[in-house]
Amino acid sequence: MSENAAKPILLLVDDDPLIAETLAYYLRSDFDIVVAANRSEALERVRERPNLPAAALVDLGLPPLPHRPDEGFALVTELLALAPALPIIILSGQNANAEARHARALGAVDFVAKPADPELLRQALQQALAYESAAAQSIELVGQSPPMEKLRTQLRQYAASPFPVLIEGESGSGKELAADALHRLSARAARPYLALNCAAIPPSLVEPTLFGHAKGAFTGATGTRAGYFEEAAEGTLFLDEIGELPLDLQPKLLRVIENGEYQRVGETQQRQSKARVIAATNRDLKKEVREGRFRADLYHRLSVFTIAVPPLREMGADRLMLLDHFRGLYARQAGAAAFRLSPEAEARWLSYAFPGNVRELRNIVIRLIARHAGRTVSAFELDAELDASIAEPATALPDDDQQLAELALRHLSETTRFSLDDTLHRWEAAYIAAAQRLTHGNISQAAKLLGVNRTTLYNRIDALARSQDQAPVIRNR
């Protein structure tokens, strides 16, 4: 890399100063390092900079709960809300398989246990950036399921209209691709397409970012600057995470959508916008309206047309088409032979809920290419990549003993390597982890959910920890 070339920004979040300083020193030749010690500081560092990070290294065990993964999990979710394409590598001393799988289900690219080899981390980061660059060039909507065909039909119907479109969908489902498709299919395709994540900048800077500002309009406004509406001209402005738009700014957005009028901050001159607005959210905006956090008139104006991007669990065999798409893309990127799924693994792939949607599926494919290039992946090997706490979405324990026997029969017939002890331990660990997550770590409440007393739950947690060669988890009392 040239000394004059701008380095990609790496967000490094770790509460251990020695680890943070060591990694920052080692990686500084390749990255512009931004260091934070906790979740709130990390989010502040991201929002205060003009450019988003290119990648992130995040420790799971962060203050005020350094012995639990909760803060790290929350930070992964919040960072991906700010930057949906951000490659996140989890760096943690809590080397529990369940935690690694859940972090990846939330959207992390991979999980690296401490102590980590800095050179391997550097290679992992560079590979993640290369994969992200390849993904940015792959913008097609993949799938032939009824929900995907409905989505394509809506995109074709609404593309030619000048009116706003509201895109709804879960995190990781591909709302940005739908917005991009609306622009590409419209008569505005040759005109500017600008995207702004409303959650990625401080609330005080949203207005000047959208509408521009005059010199001296506020502290730090050293010159006059056009805003997104002005730069979008007669093209398209995509406002992601619209539910994060400050309430006091919503009337100004409503005004520019209704009649095209806006003003730069610090000016009285009326300006006119002809940009088309597309907005996206993973929130329930109707609920936000009822609870007074989003204006009803703005909601109704934005939702002239509404598109729902389907979650992956509703897309059936599209999961195999997406597997083929990403497998080919990233195998070419890595210069590696593609892997294959065994029949049992393919059935497992189709039964998995993919709570992180397409983002999670894509990251799983990347890891399988790295670990099993040119090989056939078994169901046992695939299970190592899936979130154990939700890995059996359709197999809640039935009340009827015969149904339970049928479930066991199906599982045994689809599994080439089976261990009764391992299976029972996985079920037990998954239910305990789920109960702790639901009760935010309150052991008494978790024990009540599980139908055992608190002492019994303590003993089972400690036994599971010992079976994984881990120190017992520090728990809230």
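The values are calculated or read from the model by the stated rules, or taken from the named source; none is laboratory data. Since we're looking at a predicted model, the values are computed, not measured. Cβ: placed from backbone, ideal geometry, glycine included. Neighbour counts: every protein chain shown.
Any residue that is in a helix (DSSP H, G or I), crowded, with 18+ Cβ neighbours inside 10 Å and charged (D, E, K, R) - is there at least one of those in region 306-317? Taking every residue of region 306-317 in turn, none turns out to be in a helix (DSSP H, G or I), crowded, with 18+ Cβ neighbours inside 10 Å and charged (D, E, K, R).
Does residue 29 satisfy the condition of being surrounded by 19 or more Cβ atoms within 10 Å (Cβ to Cβ), more than 28 Å from residue 309 (Cα to Cα), out of contact with any His (no Cβ under 7 Å at 6 or more places or on another chain) and hydroxyl-bearing (Ser, Thr, Tyr)? For residue 29, the condition - surrounded by 19 or more Cβ atoms within 10 Å (Cβ to Cβ), more than 28 Å from residue 309 (Cα to Cα), out of contact with any His (no Cβ under 7 Å at 6 or more places or on another chain) and hydroxyl-bearing (Ser, Thr, Tyr) - is not met. In the set 63, 53, 84, 17, only one residue is modelled with pLDDT of 90 or more, within 16 Å of the chain's Cα centre (by Cα) and more than 19 Å from residue 100 (Cβ to Cβ); that residue is 53. Considering the conditions (1) modelled with pLDDT under 95; (2) under 21 Å from residue 241 (Cβ atoms), residue 168 is excluded by exactly one of them, (1). Sort out which residues of region 412-444 are aromatic (Phe, Trp, Tyr), in contact with a helix residue (DSSP H, G or I) (Cβ under 7 Å, 6 or more places away or on another chain) and either modelled with pLDDT of 75 or more or crowded, with 17+ Cβ neighbours inside 10 Å (or both), and write them in order of number. Residue satisfying the conditions is 431 alone.
Suppose we keep only residues that are without any contact (Cβ under 8 Å) to a residue 24 or more places away in the chain and under 19 Å from the mean Cα position of the chain (by Cα) within region 96-131. Which one would you say is farthest from residue 360 (Cα to Cα)? Among those that are without any contact (Cβ under 8 Å) to a residue 24 or more places away in the chain and under 19 Å from the mean Cα position of the chain (by Cα), it is 112.
With respect to residue 256, determine if the residue is free of Cβ contacts under 8 Å to residues at least 12 places away in the same chain and surrounded by 14 or more Cβ atoms within 10 Å (Cβ to Cβ). Judged against the criteria, residue 256 is not a match. For residues that are of a type in the set (A, V, I, L, M) and within 19 Å of residue 425 (Cβ to Cβ), scanning just region 350-392, find the one that is modelled with the highest pLDDT. Among them, the one singled out is 382.
Annotation: of all residues in region 369-379 being over 21 Å from residue 316 (Cα atoms) and aliphatic (A, V, I, L, M), the one that is surrounded by the fewest Cβ atoms within 10 Å (Cβ to Cβ) is 373. Tell me yes or no: at least one residue of region 125-147 is at pLDDT 85 or above, among the charged types (D, E, K, R), assigned by TED's automatic domain parsing to the domain that holds residue 31 and at negative phi. No, that holds for no residue.
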